[in-house]
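*Asks:* Structure in structure tokens, see below.
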Amino acid sequence: MIWRKGDLGRTLRGRDVSRSMVALVTSLSALALLGVATRAPAWFGHDEGLSGVAPGLLSVTAEARGVATLGGGVTVSLYGDGMRIYRDSDLLLQTVIGGSILSAVQGQVSVSGTDTREHVQRQMDNLTVDELVFLPGRATYFGYLYDAQLRLPVTIEIELAGSVIRIGASVNGADAVVWHLDRETRSIGIPPALNPVILRGHAAWVAPDTPDGRAAFSTVLGTDVGAGPQQVARGVDLRSAGRTDVHVWSGSGYLTVSSQARHLPSPTNTTTS
């Protein structure tokens, strides 16, 4: 190859231009991917207008700890690691381990056509329970939810109501309550409240015409869970690994849990010859 005067300079300038183009394309691609990542939840149906509300700290005083018997073999226990509800030896419901049972939210929810969105302005996600009052068939806990500046009184009432267990919370000063439950695997929606699909990794609003407390989803424990009251927005959020959050846009919201677990069949191993 015979080099002429100026060939080397043009070659170096060409390489500089090529490197600049590569850098530009890389930058634009990164920005495009960032935009996709930002919008992806909505595009793939993972963002249904529910805000992420994580549990805070849970503190239970000695006066509120222990096991309460509701009747029919149903018991509720509350300790520093969470709440559990049993029927005989069957675990029916368990809240997040080591975190608050529920959070209080201040804000609002907006509805436009079929689009429902919540706008959380403040959340009190630390819970202290300091008193238990027990009556036959009912356990009532008293305490408060708080953040760094605000404290709201809370009453949690659990009672056996026929075929379901009703778990209610009343928070004076809250616009919504969010229940924090453990175990999100194999949770499946129950029509007409939710589509009959595996809910893990998704968030969805309960159909507005779903009656008070009607089961909205089933859990890996074999229990069915619903939420009320009917006249407010209710949502189920399973986007965070290891927990299920149930949003109820009322200062007094409740869950219903079936009082009899459905024993799920054990997986069977199949072999091929």
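Just so it is clear, none of the values below were taken in a lab; they were calculated from the coordinates. Note that the structure is a prediction, hence the values are computed from the model and not measured. Methodologically, a virtual Cβ is constructed for each residue, glycine included, from the backbone with ideal geometry; neighbour enumeration extends over all protein chains shown.
*Asks:* Taking square-rooted eigenvalues a ≥ b ≥ c of the alpha carbon gyration tensor, is the range 58-258 rounded, prolate or oblate, where a/c under 1.5 means rounded and, failing that, a/b exceeding b/c means prolate? Don't skip to the answer; put the middle values down first.
*Replies:* Values: a/c = 1.64, a/b = 1.16, b/c = 1.41.
Judged from the Cα gyration tensor, the range 58-258 comes out oblate (a/c at least 1.5, b/c at or above a/b).
*Asks:* Here's something else I'd like to know. So how do 249-261, 105-117, 127-139 stack up, highest first, on mean other-Cβ count within 10 Å? Provide the component values of the computation, followed by the final result.
*Replies:* Working: 249-261: 21.3, 105-117: 13.8, 127-139: 16.6.
Packing order, densest peptide first, comes out as 249-261, 127-139, 105-117.
*Asks:* Per-residue HN-Hα couplings for the range 63-71, Karplus 6.51 cos²θ - 1.76 cosθ + 1.60 at θ = phi - 60°, whole Hz, x for Gly and Pro?
*Replies:* For the range 63-71, the Karplus-derived couplings read 5, 9, 7, x, 10, 10, 9, 9, x Hz, x marking Gly and Pro.
*Asks:* Please compute the modelled spin-label separation between Val67 and Tyr79, points set 7 Å along Cα→Cβ, answer in nm with one decimal.
*Replies:* 1.0 nm
*Asks:* Whose amide H sits under 5 Å from the amide H of Val206, counting only residues 5 or more places off or on another chain, with H placed in the peptide plane?
*Replies:* Under 5 Å from the amide H of Val206: Arg234, Gly235, Val236.
*Asks:* Residue separation times 0.36 nm, minus the C-alpha to C-alpha distance between Gln108 and Glu131: what's the value?
*Replies:* Working: separation 23, 0.36 × 23 = 8.28 nm, distance 3.05 nm.
The Gln108-Glu131 span can extend by a further 5.2 nm.
*Asks:* Starting from 0.36 nm per residue, how many nanometres of slack lie between Asp115 and Ala54 once their C-alpha separation is accounted for?
*Replies:* Numbers: separation 61, 0.36 × 61 = 21.96 nm, distance 2.30 nm.
Stretched fully, the Asp115-Ala54 segment lengthens by 19.7 nm.
*Asks:* Still on this model: Can you run phi through the Karplus equation (6.51, -1.76, 1.60; θ = phi - 60°) for the range 219-236 and list ³J(HN,Hα) in whole Hz, with x for Gly and Pro?
*Replies:* Values per residue, Gly and Pro as x: 10, 5, 7, x, 10, 9, 10, x, 9, x, x, 6, 6, 10, 5, 10, x, 10 Hz.
*Asks:* Under 5 Å between amide hydrogens, which residues at least 5 positions from Glu184 or on another chain qualify, with H placed 1.01 Å from N in the peptide plane?
*Replies:* Gly242, Arg243
*Asks:* Could you tally the net charge around Phe142, taking each other residue with its Cβ under 11 Å from the Cβ of Phe142, Lys/Arg +1 and Asp/Glu -1? Display every interim value, and only then the final one.
*Replies:* Details: positive: none; negative: Glu63, Asp130, Glu131, Glu157.
My count for the surroundings of Phe142 gives -4.
*Asks:* For Ile165, what residues show an amide H to amide H distance below 5 Å, using hydrogens built from the backbone and excluding near sequence neighbours?
*Replies:* Val257, Ser258, Ser259
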